[in-house]
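First comes the structure, then the notes that go with it.
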Amino acid sequence: FGEEGRRQLCIIDFQPLDSQHEDLALPLRHIKETHPSLNGTLSTKFYDGKYFSPHMILGKFEKSRDMIDVAFPAMKLAIEEYIQMVDQRQNVTDENVDSLTADDRRERQDEYNRYNAKVDPSLGIYEAQF
């Protein structure tokens, strides 16, 4: 997962497109409750609550072993929860359940991408590398 002694981040979120859909990230709350080291917070310099759920998982680790023992199982569980959520939502046929159109979704995702392009802390790393 990375070099020993260098800070490694684990960030997992379902990134709801609006506050109406924040409940979609509820499965992450259980993961945070069972893994206290994944209850970190991001600096407001990089984090805007508009684009992230209140249940975002964030772990900062110095040891690769912690990434393997804590972050990897949490990531696996989050992916399983996400797949289950998607499967359940595919069976929903009532169009009133979700008020967002495909264009709304695309616009909100584009808005997030523009935001992220400005504030992502990894940009400097990538620019120096490439």
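Nothing in this text is a laboratory measurement; each read-out follows from the coordinates by a stated rule. Note that the structure is predicted; figures quoted are calculated from it, not measured. Cβ coordinates were reconstructed from backbone atoms using ideal geometry, including for glycine residues, and neighbour counts include every protein chain displayed.
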Assuming R0 = 22 Å, what is the FRET efficiency of Thr34 and Arg89, from their Cβ-Cβ distance, to the nearest 0.05? 0.35
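How much length is gained if the chain between Tyr82 and Tyr115 is pulled fully straight, taking 0.36 nm per residue apart and subtracting their Cα-Cα distance, in nm to one decimal? Please report the intermediate quantities before stating the final value.
Details: separation 33, 0.36 × 33 = 11.88 nm, distance 2.39 nm.
Working it through step by step, the gained length comes to 9.5 nm.
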Under 27 Å from Lys45, Cα to Cα: lysines that are on another chain or at least 8 residues apart: Lys32, Lys60, Lys63, Lys118
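Ranked highest first by average number of other Cβ atoms within 10 Å, how do 116-126, 69-79, 35-45, 55-65 line up?
55-65, 69-79, 35-45, 116-126
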Tell me, what HN-Hα J-couplings in whole Hz come from the Karplus equation 6.51 cos²θ - 1.76 cosθ + 1.60 at θ = phi - 60° for each residue of region 54-61, using x for Gly and Pro? x, 9, 4, 9, 9, x, 10, 10
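Can you give the extra length, in nm with one decimal, that the chain gains between Thr101 and Asp69 once fully stretched, where that is 0.36 nm per residue apart less the Cα-Cα distance?
7.5 nm
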